[in-house]
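S.K.: Following this message is one structure expressed as structure tokens.
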Amino acid sequence: MDYNILIGGSAGQGMETISSILEKILQKRRYEIFTTRDYMSRIRGGHNFIQIRFSIDKITSHSDKLDLIVALNEETIDIHKKRLKNKGIIIGEKDFNYNDKKFMGIPLNEISKKIGNLRVKGSIAVGSVLKLFGFNNDFIMDILKKTFKKDELITVNMNAIEEGFNCLEKIFDVPKGNSKDKILINGNESIALGAIAANCKFYSAYPMTPSTSIMTYIASKMEEAQIVVEQAEDEIAAINMAIGASYAGVRAMTGTSGGGFALKVEGLGLAAMLETPLVIAEVQRPGPTTGFPTRTEQSDLKFIITSAQGEFPRMVISVKHPEDAFFQTVRAFNLADKYQIPVVIMNDQFLADYTTTVDPFDIDKVTRDRYIDNFIHGEYVRYKITKNGVSPRIIPGKIKDKLVLVDSDEHDESGHITESAEDRVKMNDKRMRKLDYLKDELIEPDFFGNKEADILLLGWGSMHGPLKEAVKELNILNIKTKALVFGDIWPLPTKLIQNEVKGINKIINVEQNATGQLNLIIKEVLCVSCTDSILKYDGRQLSAGEIVDRVKNIIKLK
């Protein structure tokens with residue numbers, strides 16, 4: 001059994017504070033939590049909402065059905081009331097012009113005037129929510145002390161919560177939480193922590209939603225982690241700074257969204273030609289150009305795989321959930337170092353911003369493999385031809401009398417510019433040979449569902465959670481279904497999918513884009529084509545319920 005609360009209003013009405021307090025209370029009460037955010041690209045006005053879903057069982061996605069709407073304006077009711085469950089209710093200002101048996105009015109204006117602070121309406125609503133679910137005021141004071149710095153604000157908000165608590169009676173009968181201690185984190189914070197754990201020492205970026213929170217989180221840990229964070233003047237400077245830092249010997253990373261990645265493309269090719277390790281976080285949003293700055297999509301995949309002129313090896317990893325984002329970021333640094341290539345970590349706004357409860361990351365599982373040569377006998381040749389394409393790498397100035405010569409033009413083994421056709425073929429073949437060995441590092445997609453199913457769903461990245469819930473529900477409905485969700489996408493892991501497509505009647509790709517880009521890549525690599533597609537590209541994430549309904553429609557089941 002799960003419960004779904006929606007907090008809605010206009011930008012500036014304090015929804016983030018309300019949701020943050022409620023999340024922390026639920027976390028303290030040992031519930032599993034999954035919170036999504038839908039916000040417009042504006043500071044004031046518009047319609048924003050946050051959904052908090054909680055349960056005693058693990059949750060991997062959001063739900064379209066609501067138990068409670070906390071309406072900070074009447075527009076919220078008009079937009080979302082159709083999503084209420086049969087026993088769902090709405091709470092909001094008692095003076096709202098809304099007459100419905102599901103609506104419970106609270107004197108938010110009256111109470112806030114009595115308290116003497118019109119900005120405490122959100123805290124009044126928090127108190128009412130706690131009462132509706134039968135929660136007491138345990139943990140509140142500790143949470144308020146961490147939320148508000150001034151004593152008078154802590155006191156006034158505590159009073160507001162108590163007033164709101166006394167406005168309503170318990171309605172929902174909620175079982176007691178029983179999960180072990182967990183952290184509450186989102187995808188971008190997990191990438192940031194992964195970079196720190198991997199011993200990244202330089203992060204450069206130009207602010208671009210929805211990637212900016214990676215930079216702000218790392219910046220908040222600069223002193224503790226001994227890491228330099230540079231807000232560059234533009235995207236081109238950001239990637240070139242990171243390349244320079246990596247050449248100088250430290251692990252370096254840059255981050256952006258699709259429009260920013262477009263500006264970084266020449267730098268991507270530079271890293272490849274220099275054979276300098278580089279990690280790039282690309283957090284997708286709908287395009288082209290500015291598109292939907294605060295919404296989600298999975299439409300950059302083919303662009304990321306083929307960007308930059310010429311041909312060179314790269315690794316593309318799409319993270320699937322916060323825990324995966326942490327460990328895959330560490331792995332990205334190791335692979336970039338080992339093969340001296342750019343590695344792109346793909347995320348999207350949905351996963352970047354949703355918060356969920358996860359087990360604390362096990363730092364003992366983290367390895368930091370540098371692959372740097374500290375002893376070179378004889379002449380140092382930066383681009384030495386090797387069997388696996390990876391040449392000896394030393395840090396400039398670290399070994400006496402050894403010159404590290406690199407160039408963005410085509411070059412010979414020593415790093416000198418060349419116009420030789422023979423050298424060009426040798427160096428290009430050397431670089432591309434890395435792909436043959438990189439393929440041995442690939443992780444096959446996650447599998448879940450019924451092994452005997454005749455319906456196979458294919459997804460990637462943040463579709464992991466919604467697909468996991470959808471497959472479970474479809475099998476409960478006796479619609480035998482299984483799914484493969486890809487993390488490593490380029491090079492494409494092929495062993496598991498080749499096995500799972502055998503004897504399948506329906507192969508359905510489930511993606512947040514208009515053209516089925518994963519399907520196109522699988523078709524290109526394996527000549528396997530999906531029979532049907534479930535695609536969404538309106539900027540909002542597919543839910544498990546939507547996937548179930550659309551699968552039923554595909555197989556003509558009412």
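The values are calculated or read from the model by the stated rules, or taken from the named source; none is laboratory data. Here the structure is a predicted model, which is why all the values come from computation and not from measurement. For neighbour counting, all protein chains shown are included, and Cβ atoms are generated from backbone atoms with ideal geometry for every residue, glycine included. To get the accessible areas, we keep the full protein, side chains included, count just its heavy atoms, and leave off ligands, DNA and RNA. Shrake-Rupley method; radii C 1.70, N 1.55, O 1.52, S 1.80 Å.
S.K.: If L457 meets every condition in (1) in a helix (DSSP H, G or I); (2) within 21 Å of D324 (Cβ to Cβ) apart from one, which number is that one?
M.R.: All conditions pass for L457, except number (1).
S.K.: Give the residues of the stretch 257-316 that are among the β-branched types (V, I, T) and within 18 Å of the chain's Cα centre (by Cα), sorted by residue number.
M.R.: V279, I280, V283, T294, T296, I304, V316
S.K.: Right, something else. Could you please let me know if I191 is out of contact with any Ser or Thr (no Cβ under 9 Å at 6 or more places or on another chain), surrounded by 17 or more Cβ atoms within 10 Å (Cβ to Cβ), part of a helix (DSSP H, G or I) and of a type in the set (A, V, I, L, M)?
M.R.: The answer is no for I191.
S.K.: Among the listed residues I124, I91, which satisfies the condition of being more than 19 Å from D38 (Cβ to Cβ), among the aliphatic types (A, V, I, L, M) and assigned to a helix (DSSP H, G or I)?
M.R.: Within the list I124, I91, the selection yields I124.
S.K.: So, one more: Which one is least open to solvent (accessible area, probe 1.4 Å), of the residues in the stretch 84-117 that are polar (S, T, N, Q) and out of contact with any strand residue (DSSP E or B) (no Cβ under 9 Å at 6 or more places or on another chain)?
M.R.: For the stretch 84-117, the residue satisfying everything is S112.
S.K.: Still on this structure, I have one more. For a quick check of your reading of the model, give me the residue pairs whose first member lies in the stretch 525-547 and is more than 15 Å from T296 (Cβ to Cβ) and free of Cβ contacts under 8 Å to residues at least 24 places away in the same chain, whose second is of a type in the set (A, V, I, L, M, F, W, C) and open to solvent by less than 60 Å² (accessible area, probe 1.4 Å), with beta-carbon atoms closer than 9 Å and at least 6 apart or on different chains.
M.R.: S529/I507; S529/I522
S.K.: Could you list, ordered by first residue, the pairs with Cβ atoms under 6 Å in which the first is in the stretch 233-245 and in contact (Cβ under 8 Å) with a residue 24 or more places away in the chain and the second is assigned to a helix (DSSP H, G or I), at least 6 apart or interchain?
M.R.: From residues that are in contact (Cβ under 8 Å) with a residue 24 or more places away in the chain, the pairs are E235/G260; E235/L263; E235/K264; I236/L263; I239/K264; I239/G267; N240/G267; I243/A271.
S.K.: For the stretch 493-517, name all the residues that are of a type outside the set (D, E) and touching a Gly at 6+ places or on another chain (Cβ under 7 Å).
M.R.: Correct list: N509, V510.
S.K.: Would you be able to tell me the number of residues in the stretch 474-529 that are part of a helix (DSSP H, G or I), open to solvent by 10 Å² or more (accessible area, probe 1.4 Å), closer than 19 Å to D440 by Cα and touching a strand residue (DSSP E or B) at 6+ places or on another chain (Cβ under 7 Å)?
M.R.: 1
S.K.: Something else now. Is it true that R370 is more than 37 Å from the chain's Cα centre (by Cα), among the charged types (D, E, K, R), open to solvent by 40 Å² or more (accessible area, probe 1.4 Å) and closer than 26 Å to W490 by Cβ?
M.R.: The answer is no for R370.
S.K.: Check whether at least one residue in the stretch 69-83 is buried (at least 20 other Cβ atoms within 10 Å of the Cβ) and more than 23 Å from R44 (Cα to Cα), and report yes or no.
M.R.: Checked against the condition, which is being buried (at least 20 other Cβ atoms within 10 Å of the Cβ) and more than 23 Å from R44 (Cα to Cα), the stretch 69-83 yields no hits at all.
S.K.: Okay, moving on. Mind checking which residues of the stretch 338-374 are of a type outside the set (S, T, Y), in contact with a strand residue (DSSP E or B) (Cβ under 6 Å, 6 or more places away or on another chain) and within 23 Å of N48 (Cβ to Cβ)?
M.R.: Matches in the stretch 338-374: N347, D348, A352, D353.
S.K.: Would you mind finding the one in P445, P466 that is at pLDDT 95 or above, closer than 19 Å to V316 by Cβ and either touching a Ser or Thr at 6+ places or on another chain (Cβ under 8 Å) or buried (at least 16 other Cβ atoms within 10 Å of the Cβ) (or both)?
M.R.: P445
S.K.: I'm trying to understand the selection: among the residues of the stretch 229-264, which are part of a strand (DSSP E or B) and buried (at least 23 other Cβ atoms within 10 Å of the Cβ)?
M.R.: Within the stretch 229-264, R251, A252, M253, T254, G255, T256 qualify.
S.K.: Next up: With the requirement that a residue be hydrophobic (A, V, I, L, M, F, W, C) and either more than 21 Å from G258 (Cα to Cα) or assigned to a loop (DSSP other than H, G, I, E, B) (or both), what does the stretch 194-217 give you?
M.R.: I196, A197, A198, C200, F202, M208
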